[in-house]
Amino acid sequence: SALVELDRLSKVYSTRTGDVVALQGITLTIDEGEFVAVVGPSGCGKTTLLKILANLEQHTGGTGILGNRELGGKASDDVGMVFQKATLLPWLDILANVLLPVTLKRRASAADREAAMDLLRMVGLEEFAHKRPDELSGGMQQRAAICRALVHHPSLLLMDEPFGALDAMTRDALNVEVNRIWRETHKTAVLITHSIPEAVFLAQRVIVMSARPGRIVEEIEIPFGRERT
Ligand code: ADP
Ligand code: ADP
């Protein structure tokens, strides 16, 4: 069934120098468990689309549904997000960083800590739980950031160019990792990337956007993509 349903969604940023139409007429359905990649030139609205899904921005036209709520309504924590930079807090160890979405709300329980350790185990960072972020490589930090995005069991995992700042080898290793996480957790995922090979490797469907105004120009089903589940 559908987790995300966008119907002619649009977004206009009002700035001092005038309106910027970032998204126009975005109609898109994402099924539960699906992995969708979004590609397109700079400025076509990829990040805006993710921010709207994460409730970090409000759309200005059309409608959007995520799970059982309307987008733009009450903020919700059913989304986990990974950014280009891992943005781990340097004074906390890896485990505390992963637990942050939980501890911002309440005291972490033993079960929360165990769940966080399970995630760290899944990405091979178990032994680094009590290290500080600067003791880890960039790729390892980004793995921790993925764990942090998953720790509160979001229904949707959003990744905005998560590996854009990493070298090619690390990137390949992380692609394999993300594919494994997706297969193991059955998490619905949306990935923004500039890499077509990355999109094709990871996604079941690639959404191609174009700019001025930002819109979807093509949706490509990846052959055998669905069989990876
Ligand atoms: P992409 O992620 O594909 O590069 P963005 O979503 O960042 O695209 O941007 C889409 C368009 O919206 C661009 O024209 C950009 O300049 C504009 N934009 C993005 N954020 C803002 C903002 N906060 N205020 C005004 N314009 C913005
Ligand atoms: P990634 O591909 O995640 O960036 P690297 O290629 O940098 O990882 O490192 C591969 C392996 O080397 C890691 O899984 C880890 O076991 C070890 N390693 C890398 N950096 C460090 C570090 N700073 N301290 C200890 N071990 C490390």
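Readers should treat all values here as calculations from the given coordinates under stated rules, not as data from a laboratory. Please read all numbers here as calculations on a predicted model, not as lab measurements. Quick reminder, even Gly has a Cβ in these numbers, built from the backbone with ideal geometry, and neighbours come from all protein chains shown.
When you restrict to C-alpha pairs under 8 Å that are six or more residues apart and normalise by the size of region 1-135, the relative contact order lands at 21 percent. Net charge near GLY214, counting Lys/Arg +1 and Asp/Glu -1 over other residues with Cβ under 10 Å of its Cβ? So the surrounding residues net to +4. Residue order for PHE128, PHE163, fewest other beta carbons within 10 angstrom first, comes to PHE128, PHE163. Kirkwood hydrodynamic radius of region 1-107, from the reciprocal of the average inverse Cα-Cα distance over all distinct pairs: 15.8 Å. Please give the Cα centre distance for region 105-144 versus region 1-47, rounded to the nearest Å. Spelled out, the Cα-based centre of one part sits 31 Å from the other.
In this rough spin-label picture, where each label sits 7 Å from Cα along the Cβ direction, the ALA110-ALA2 distance is 4.4 nm.
Spin-label pair ARG183-ARG132: with each label point 7 Å from Cα along the Cα-Cβ axis, the two points sit 3.8 nm from one another. The convex hull defined by the C-alpha atoms of region 40-189 has an orientation-averaged projected area of 9.8 nm². Note on SER195, SER1, SER137: ascending count of other Cβ atoms within 10 Å places them as SER1, SER137, SER195, the fewest first. In the chain, the DSSP-assigned H stretches of four residues or longer account for a calculated mean residue ellipticity at 222 nm of -9000 deg cm²/dmol, using -39500 (n - 2.57) per stretch and the full residue count as denominator.
In straight-distance terms, cross-link reach from LYS85 covers every one of the lysines whose alpha-carbon lies under 23 Å from its own, apart from those fewer than eight places away in the same chain; here that gives LYS46, LYS51, LYS131, LYS187. Across all directions, the average flat footprint of the convex hull enclosing the Cα atoms of region 119-229 is 7.9 nm².
When you count the other C-beta atoms within 10 angstrom of each residue and take the mean per peptide, 106-114, 148-156 line up highest first as 148-156, 106-114. Along its three principal directions, the equivalent ellipsoid of region 1-64 from the Cα gyration tensor extends over semi-axes of 22, 13, 10 Å, largest first.
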